[in-house]
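Below is one structure, written out as structure tokens, with a few remarks after it.
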Amino acid sequence: MNEIFSIKDKVAVITGASGVLGSSLAKSFIEAGAKVVALGRKQATLDACVKELQESGGDAFAVEANVMNIENLEIASKKIIERFGKIDILLNIAGGNIPAATLSPDQSFLDMNIEGWNEVTNLNINGTVYPSYVFGKVMAERGSGSIVNISSMAAYSAITRVAGYSAAKSAITNFTQWLASDLAIKYGDKIRVNAIAPGFFIGDQNRAILLNPDGSLTDRSKKVIAKTPMGRFGEAKELNGIVQFLCSDAASFITGALVPVDGGFSAFSGV
């Protein structure tokens, strides 16, 4: 492989590493020769994730921490530095929607569960801002690093029933642009911040809303497929390449970008 695309020996902190997207990225990073720090709230789940990565021959390390707790993250940062001596990459994968913040088809915004709204916006916004704040300091001290955030199709245009999630992902898109500008201006051109906007991927959080118990498409997922020119849902592994690219030297002049990985969903009007 051309060395310009390499992430070999880079230390990558992955929040939400035990989830569908996070575990896929962790495996692909290990295969590419990176050292992976799996960060999450449940040690047992993280240990299982790291064991699998280590069995494949990779250098992986589990660190228990809540992405919405600065003190937890600062302790985690110290452990990572003690183990690897640096942090090159931060993948802010933790986040997603929650049932309490999802409106039913017959509800409007005025029926919103405000506690659910607070939970989903806190998880996605602060769950991205806080790790960037803590691990970004390590990158600033070294004068280099790459942060990749997760936005959404919901940041492009309105998607029904997920107001809190949509607002949070829109905020992440804006925060990505803001942080990219701030770090480049104040710490140099070797610190970059970008985001990807996945289209529709079936995971644990949205399976029930996109698939019927028999595996057939729901009315909602039929609308999704109709607006996706490629005519299918994405697979988690289809995010790996663009994320690795954004973390490599091949993307050295790319910062503040939002890259859709959506089978054409954001490009197509539906007509």
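Just to be sure I understand, how many residues within the range 147-166 are under 16 Å from the mean Cα position of the chain (by Cα) and touching a residue at least 40 places away in the same chain (Cβ under 8 Å)? Residues in the range 147-166 being under 16 Å from the mean Cα position of the chain (by Cα) and touching a residue at least 40 places away in the same chain (Cβ under 8 Å): 9 in total.
Considering only residues that are among the hydrophobic types (A, V, I, L, M, F, W, C) and more than 12 Å from S166 (Cα to Cα), look in the range 99-118 and name the one that is nearest to the chain's Cα centre (by Cα). The residue in question is A100.
Working only within the range 1-35, note down all residues that are of a type outside the set (S, T, Y) and more than 20 Å from A251 (Cα to Cα). Selection gives G16, A17, G19, V20, L21, G22, K27. Of the residues screened, K86 is not one that is over 21 Å from L246 (Cβ atoms) and either buried (at least 23 other Cβ atoms within 10 Å of the Cβ) or out of contact with any Pro (no Cβ under 7 Å at 6 or more places or on another chain) (or both). Annotation: of all residues in the range 45-78 being free of Cβ contacts under 8 Å to residues at least 12 places away in the same chain and more than 19 Å from K27 (Cβ to Cβ), the one that is surrounded by the fewest Cβ atoms within 10 Å (Cβ to Cβ) is E71. Quick check on the range 200-228: of everything there that is assigned to a loop (DSSP other than H, G, I, E, B) and among the hydroxyl-bearing types (S, T, Y), which residue is modelled with the highest pLDDT? The qualifying residue modelled with the highest pLDDT is T228. For the range 180-204, the set of residues classified as within 30 Å of D219 (Cβ to Cβ) and surrounded by fewer than 18 Cβ atoms within 10 Å (Cβ to Cβ) consists of I202, G203, D204, listed by residue number. Only residues that are among the hydrophobic types (A, V, I, L, M, F, W, C) and at pLDDT below 95: list them for the range 75-99, please. Answer for the range 75-99, where residues must be among the hydrophobic types (A, V, I, L, M, F, W, C) and at pLDDT below 95: just I98. When restricted to residues that are free of Cβ contacts under 8 Å to residues at least 40 places away in the same chain, within 23 Å of T15 (Cβ to Cβ) and part of a loop (DSSP other than H, G, I, E, B), the range 229-271 contains 1. Out of K27, K51, one residue alone is outside any strand (DSSP E or B), modelled with pLDDT under 95 and among the charged types (D, E, K, R). It is K51. Residues that are at positive phi and surrounded by 13 or more Cβ atoms within 10 Å (Cβ to Cβ) within the range 229-260 comprise just one, G256. Can you find even one residue in the range 11-19 that is in contact (Cβ under 8 Å) with a residue 24 or more places away in the chain, outside any loop (DSSP other than H, G, I, E, B) and farther than 12 Å from L90 by Cβ? No; the residues of the range 11-19 include none that is in contact (Cβ under 8 Å) with a residue 24 or more places away in the chain, outside any loop (DSSP other than H, G, I, E, B) and farther than 12 Å from L90 by Cβ. Annotation note: Cβ proximity below 6 Å between a residue of the range 215-228 that is on the phi < 0 side of the Ramachandran plot and a residue that is among the aromatic types (F, W, Y) and not in a helix (DSSP H, G or I) (sequence gap 6+ or interchain) occurs for V224/F200; K227/F265; K227/F268; T228/F265. The requirement of being in contact (Cβ under 8 Å) with a residue 12 or more places away in the chain, among the polar types (S, T, N, Q) and either more than 30 Å from A184 (Cα to Cα) or assigned to a loop (DSSP other than H, G, I, E, B) (or both) is not satisfied by S132. Filtering the range 119-146 to residues that are among the β-branched types (V, I, T), crowded, with 22+ Cβ neighbours inside 10 Å and under 16 Å from the mean Cα position of the chain (by Cα) leaves V120, T128. Residues that are modelled with pLDDT of 95 or more and farther than 16 Å from I93 by Cα within the range 30-48 comprise I30, E31, A32, G33, A34, K35, listed in sequence order.
The values are calculated or read from the model by the stated rules, or taken from the named source; none is laboratory data. Values in this document were obtained by computation on a predicted structure and should not be read as measured data. Backbone-built Cβ (ideal geometry, glycine too); neighbour counts: all protein chains shown.
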